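One structure is given below, encoded as structure tokens.
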Amino acid sequence: MFQQLPMYQRIGADAFKKDLTNILKFSEAIGSPDKKFRSIHVAGTNGKGSTSHMLASILQESGYKVGLYTSPHLKDYRERIKINGCNIPEEDVVAFITRNKVFLEAHKLSFFEMSVGMAFDHFAAMGVDIAVVEVGLGGRLDSTNIITPVLSLITNIGFDHTQMLGNTLPEIAGEKAGIIKPKIPVVISEKQIETEPVFRSIAKRNDSPITFAEDQPSASYNSDLKGNYQKKNIQAVVTAIRTLSKDFSVSEENIRTGLLNVKKNTGLRGRWDVLQESPKVICDTAHNAEGLQWVMNQLKEEEYVLLHIVMGVVNDKDLEKILPLFSNEAKYYFCKPDVPRGMEAAVLAEKASNFGLKGEVYSSVSKAYETALKIASSSDLIFVGGSTFTVAEII
């Protein structure tokens, strides 16, 4: 399965298909499972993973059987497809591939198209009450965009995957807004000057009620997801849940406990994830300028003697935007995530030195992390990040 199919997680843009033809054919071939369950569709540059997991957790606390489809995975492919926090069983993955192998090979489906078909088939077969479906990339032409949800949610718009989605915020917003469906309500997490007119125009064209979460009364809830950036996600999630109040019965207590138990209910990892104390180790999957800005600002609030940063990135990142965000007072451990699109550690180190970031090059993420743990004193802080795949190797 991993060898035969192009996989964005491993190879990047070459695996991206700007076309829904394949997934529509595949869905029809397996009995159109996407029409057999209700769903919430979540898109956005940053925060869509956390937002999806928060929504699932709240709905689980409300007694619903909740499907959750997200990407990429950290450790195990099956993390992408969950029901009430439980990964799809391995035998179900194998059975699905075996059953559909002839179709998959004949139509040369991408890894993501196949995964979407598997998720929707699993949710339909298991009779979920609702599924929270996270867009893989973009929105308009993403394979998940064959669903007609009960609600669409778009978190924010930033510069990521520009080679596929466009080089301006309005262009990128147009791609994300492709998940807005006729007469289906849409919640937008953040108001941005460049993108608000795009969302309003597409919502109007679709006769879709539009709500900007930041215009709603402030949602003062705590969460077990501790990143400062989660405040905006919480505001959007609570707005979305209230928008759904006609269709789903969710109490204030369900919202409160759902937000406090996201990790326990859904298994989410890698979001301002504190791995140990003394020395304190924090990892975060933020990997573009907007996401990293939040994380770097939050690191400044921590108390430590010396900051150690284990950094690995993939080769399509705009380092000119990312590297200036990192502290030049930290000690760096440069490494290459173990995926084909990982950037060579020596290349990263050389580019980082142009921004005053100094450190050593290591042969692997684990070697870099082990060295940081050996060198750091108990009052130091270690941060691991730069890419989802760097974090995946140390969790």
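Sorted largest first, the spans of the alpha carbon positions of segment 162-221 along the three principal axes are 38, 25, 18 Å. Ordering Ser379, Ser220 by accessible surface, largest first, gives Ser220, Ser379; the 1.4 Å probe counts only protein heavy atoms, with every chain in place. With contacts taken as Cα pairs under 8 Å and at least 6 residues apart, the chain reaches a relative contact order of 17 percent.
Here the simple spin-label model places points 7 Å from the Cα toward Cβ, and for Lys108 and Asn315 these points are separated by 2.2 nm. In plain terms, the chain from Lys358 to Arg99 could stretch by 88.0 nm, reckoned as 0.36 nm per residue minus the Cα-Cα distance. Length gained on full extension, Lys226 to Lys35: 65.2 nm, using 0.36 nm per residue less the C-alpha separation.
In this structure the chain gives 41 Å² per residue of accessible area when probed at 1.4 Å with all protein chains present. Among beta bridges identified by DSSP and lying wholly in the chain, the antiparallel ones come to about 20 percent.
Taking a ≥ b ≥ c as the square roots of the eigenvalues of the alpha carbon gyration tensor, segment 196-330 is oblate, as a/c is not under 1.5 and a/b does not beat b/c. State the label only: which of [x] 20.6, 59; [y] 21.6, 76; [z] 20.5, 64 corresponds to Rg and Dmax of the Cα atoms in Å computed from the shown model? Structure-derived value, by its label: [x].
Calculated mean residue ellipticity at 222 nm for the chain: -11000 deg cm²/dmol, from DSSP H runs with n ≥ 4 weighted as -39500 (n - 2.57), summed, divided by the residue count and rounded to 500. Positive-end ranking of Ser208, Leu137, Asn297 along the dipole of the chain, with charges on Cβ about the Cα centre, is headed by Ser208.
Among Gly44, Ala345, Ala330, whose Cα sits farthest toward the positive end of the charge dipole of the chain (+1 at Cβ of Lys/Arg, -1 at Cβ of Asp/Glu, about the Cα centre)? Ranked along the dipole, the leading option is Gly44. Of the GluC sites (Glu not before Pro) found in segment 284-335, those that fall in a DSSP loop while having at most 15 other beta-carbon atoms within 10 Å are Glu301, Glu302, Glu303, Glu329.
Over segment 200-321, what is the relative contact order in whole percent, taking alpha-carbon pairs under 8 Å and six or more residues apart? Walk me through the numbers before you get to the answer.
Numbers: 81 pairs, mean separation 26.3, N = 122.
In percent, rounded to a whole number, it is 22.
Using the Cβ-Cβ distance between Glu344 and Leu373 with R0 = 22 Å, the FRET efficiency computed as 1/(1 + (r/R0)^6) comes to roughly 0.40.
Computed about its Cα centre, the charge dipole of the chain is approximately 720 debye, with only Lys, Arg, Asp and Glu carrying charge at their Cβ.
Which of rounded, prolate or oblate describes segment 97-153 when judged by the alpha-carbon gyration tensor and an a/c cut-off of 1.5?
oblate
Name the trypsin sites (Lys or Arg not before Pro) in segment 241-275 that are in a loop by DSSP and that have at most 14 other C-beta atoms within 10 Å, would you?
Listed in order of number, the matching sites are Lys246.
A Förster radius of 25 Å, combined with the Cβ-Cβ distance separating Val305 from Leu74, puts the computed FRET efficiency at roughly 0.25.
The values are calculated or read from the model by the stated rules, or taken from the named source; none is laboratory data. Source: prediction; values computed, not measured. Neighbour counts are summed over all protein chains in view; Cβ atoms, including those assigned to glycine, are modelled from backbone coordinates with ideal geometry. Protein only, heavy atoms only, side chains kept; ligands, DNA and RNA dropped before computing areas. Shrake-Rupley method; radii C 1.70, N 1.55, O 1.52, S 1.80 Å.
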